[in-house]
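Okay, so here's the structure we're looking at.
The values are calculated or read from the model by the stated rules, or taken from the named source; none is laboratory data. In this text, all values refer to a predicted model and were calculated from it rather than measured experimentally. Glycine also receives a Cβ, built like all others from the backbone with ideal geometry; neighbour counts cover every protein chain displayed. Note: areas computed on protein heavy atoms with side chains; ligands, DNA, RNA excluded. Shrake-Rupley method; radii C 1.70, N 1.55, O 1.52, S 1.80 Å.
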Amino acid sequence: ATRDGGDPVRCYEPSMGERAARRLRLIRGFSAAVSRRDVRVDFQPVVSLGERTVVGVEALARWDHPELGLLLPDEFVPVLEATGQIAELTSFVLDESLAAARRWLDRGMRLSVAVNVSVGNLGSAGFPDEVASLLAVHGVPAELLTLELTESGVSSEREVALPVLRRLHALGCHLAVDDFGTGQSSLAHLRRLPVDQVKIDKSFVLGMGTEYGDVAVVRAIVEMGHTLGLTVVAEGVERAAVRAALVDMGCDVAQGYLVSRPLPARCFDSWLDSLDVH
Ligand code: C2E
Ligand code: CA
Ligand code: CA
Ligand code: CA
């Protein structure tokens, strides 16, 4: 179908059967893919807008499938969430991310790592213990770990997740609300959660170049976030003009293709080294 209702120029669209078969393939193949290391974690730098220094990374999962090619999390994360296999992905990403944080510490760099967690992770009472034990195994201070929860996640299952969030916060981990502005929860709502950061959804940041309304939304989130004592992160920063506008608004940190795309661990390390040179 086309957006304007005109003559449909058909692209290849997989049928329902094909999609279901692909899904089933992902479900059946996931655990083996983790053991074979076809699943990996890429790191995207997060920079301070004031000082222009790298303050941390966001860990983003990728699945390099031998037959289907590189799969992005928007395809496989919802599948793993539906089956409960998301717990296995989160454990893997936490383990890889904390190992990397330890490596950076050993090289004298205190970088924080942000890991995306699903509502399903928060439904498990054992999750905070798992986080605590991985922090201990890798010897990484809890304050270097940020757990990112989507806005829809924290608003829909708030009652269930609150004790788990409190325990994670008590460990010293930071909590961020991801994709902020896309859901229906207000910042005042967030005040009741043990949250430290808001990440403005990239759709607003991408629109800042062209849509005046998006500039106003971003400014409002920065101001209200600061009123509530939260660190405000802008993601999807692709243009220098947008970064300059974010600096003017007092936004704290930024992430986006302007600084770097997500990079495999080894490429990220070389990217860091290239910064030292300049
Ligand atoms: P997210 O948490 O909102 O992550 C940011 C997404 O924006 C990433 O897409 C990143 O590559 C992309 N991005 C970063 N900078 C820019 C930019 O300047 N412009 C544009 N257009 N995009 C940018 P990615 O890696 O495809 O991840 C998609 C989503 O999948 C993530 O959105 C997150 O919700 C989810 N995800 C990724 N890894 C994991 C994971 O390990 N566990 C879980 N539960 N979810 C994950
Ligand atoms: Ca995120
Ligand atoms: Ca986001
Ligand atoms: Ca997202």
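Couple of notes before you dig in:
- Flag for Leu272 being closer than 25 Å to Ala142 by Cα and of a type outside the set (S, T, N, Q): yes
- Residue within segment 92-100 that is more than 30 Å from Val233 (Cα to Cα), modelled with pLDDT of 95 or more and surrounded by 19 or more Cβ atoms within 10 Å (Cβ to Cβ) present: no
- The sole residue among Val195, Val205 that is in contact with a strand residue (DSSP E or B) (Cβ under 6 Å, 6 or more places away or on another chain), within 16 Å of ligand 2 (Cβ to nearest atom), under 21 Å from Glu148 (Cβ atoms) and not in a helix (DSSP H, G or I) is Val195.
- Qualifying residues in segment 40-60 (those that are touching a strand residue (DSSP E or B) at 6+ places or on another chain (Cβ under 8 Å) and among the small types (Gly, Ala, Ser)) - the one surrounded by the most Cβ atoms within 10 Å (Cβ to Cβ): Gly56
- Out of Leu162, Leu135, Leu175, sole residue that is within 16 Å of ligand 2 (Cβ to nearest atom), in contact (Cβ under 8 Å) with a residue 24 or more places away in the chain and either surrounded by 15 or more Cβ atoms within 10 Å (Cβ to Cβ) or assigned to a helix (DSSP H, G or I) (or both): Leu175
Residues checked against (1) aromatic (Phe, Trp, Tyr); (2) crowded, with 18+ Cβ neighbours inside 10 Å; (3) within 15 Å of ligand 1 (Cβ to nearest atom):
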site	(1), (2), (3)
Phe180	yes, yes, yes
Leu190	no, yes, no
Lys199	no, yes, yes
Gly209	no, no, yes
Thr227	no, no, no
Gly256	no, yes, yes
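- Flag if Asp74 is under 30 Å from Thr231 (Cβ atoms), within 16 Å of ligand 4 (Cβ to nearest atom) and exposed (fewer than 14 other Cβ atoms within 10 Å of the Cβ): yes
- Taken over segment 241-254, the residue count meeting the criterion of being over 11 Å from Val46 (Cα atoms) and either near ligand 1 (Cβ under 9 Å from one of its atoms) or open to solvent by less than 60 Å² (accessible area, probe 1.4 Å) (or both) is 8.
- Top-ranked residue of segment 138-159 - restricted to ones that are within 16 Å of Ala114 (Cα to Cα) and open to solvent by 30 Å² or more (accessible area, probe 1.4 Å), ranked as modelled with the lowest pLDDT: Thr150
- Counting only strands (runs of 3 or more DSSP E) wholly contained in segment 35-93, the ones carrying 1 or more residues that are within 16 Å of ligand 2 (Cβ to nearest atom) occupy 39-48, 54-65.
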